[in-house]
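The values are calculated or read from the model by the stated rules, or taken from the named source; none is laboratory data. Nothing here was measured: the structure is a model prediction, and the numbers come from that model. Positions of Cβ are backbone-derived with ideal geometry, glycine not excepted, and every protein chain shown enters the neighbour counts. Quick note on the areas: whole protein, heavy atoms, side chains included, nothing else; ligands and nucleic acids left out. Shrake-Rupley method; radii C 1.70, N 1.55, O 1.52, S 1.80 Å.
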Amino acid sequence: GSIWILNISDSLNVVSHSRITASIGGLADTLTMGASFGNSISNVGDLNGDNINDLLVGSFWQSDITKNSGAAFLLFMNSNRTVASEYKYSNSSGPIPDSLANRARYGKGVCGLGDFNGDGKLDIAICASSN
């Protein structure tokens, strides 16, 4: 899978674009075959304080420790629409409190929540279909 970032004009024509997928657009992580990277995506605001909005991208068929358990990628963006750095939430990385079962489809939906808990920091939500 891929995500495409399109810059559009006032007349809704595409004036420029960039693509992000494994080894393209700055994404460093390896995606498993059929991972469905980009099945869900959310603008989560500027999480790292560099004045550039960051993205949360779901990849619900990503396989790490368990088959098709899923993953979500927090992409810290550059101003040229490429990935500056990334953080992966999955069975093999990220602070997931419970182990994800086979076919959990973690990352099926992703969302930026704003400051959900009132601590002054932006929060995110990542859903799974089953676990």
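Sorted largest first, the spans of the alpha carbon positions of segment 1-45 along the three principal axes are 38, 20, 19 Å. Taking 0.36 nm per residue of sequence separation and removing the Cα-Cα distance, the residue 23/residue 53 pair yields an extension gain of 8.7 nm.
Database remark: amide H of residue 92 closer than 5 angstrom to the amide H of 65 (H placed geometrically; neighbours at sequence offset of 5 or more, or on other chains; Pro and chain starts carry no H). If you take all other residues with their beta carbon under 14 Å from the beta carbon of residue 111, and give Lys and Arg +1 and Asp and Glu -1, the sum is -2. Amide H contacts of residue 126 (H built 1.01 Å from N, in plane; Pro and chain starts excluded): no residue 5 or more places away or on another chain comes under 5 Å. Scaled against the 2.2 N^0.38 Å expected of a compact globular protein of N residues, the Cα radius of gyration of the chain reads 1.06. Take segment 1-55 with all the other protein chains still there, run a 1.4 Å probe, and you get 60 Å² of accessible area per residue.
For the pair residue 4 and residue 46, the difference between a 0.36 nm per residue extended length and the Cα-Cα distance amounts to 13.2 nm. Counting only residues 5 or more places away or on other chains, whose amide H sits under 5 Å from the amide H of residue 77 once H atoms are built in the peptide plane? Residues meeting the amide H criterion: 55, 84. Label zone (residue 67, point 7 Å along Cα-to-C-beta; backbone nitrogen cut-off 16 Å) within segment 17-54: 32-35. These residues, 61, 4, go from largest to smallest accessible area, 1.4 Å probe, as 4, 61. Under a Cβ-Cβ cut-off of 13 Å, what is the net charge of the residues other than residue 60 that fall near it, where Lys and Arg count +1 and Asp and Glu count -1? In short, +3.
With the full set of protein chains in place, find how many percent of the accessible area of the chain is carbon and sulfur; take the probe as 1.4 Å. Of all accessible area on the chain, carbon and sulfur atoms account for 51 percent. In the chain, the DSSP beta bridges split such that about 95 percent are antiparallel, to the nearest 5.
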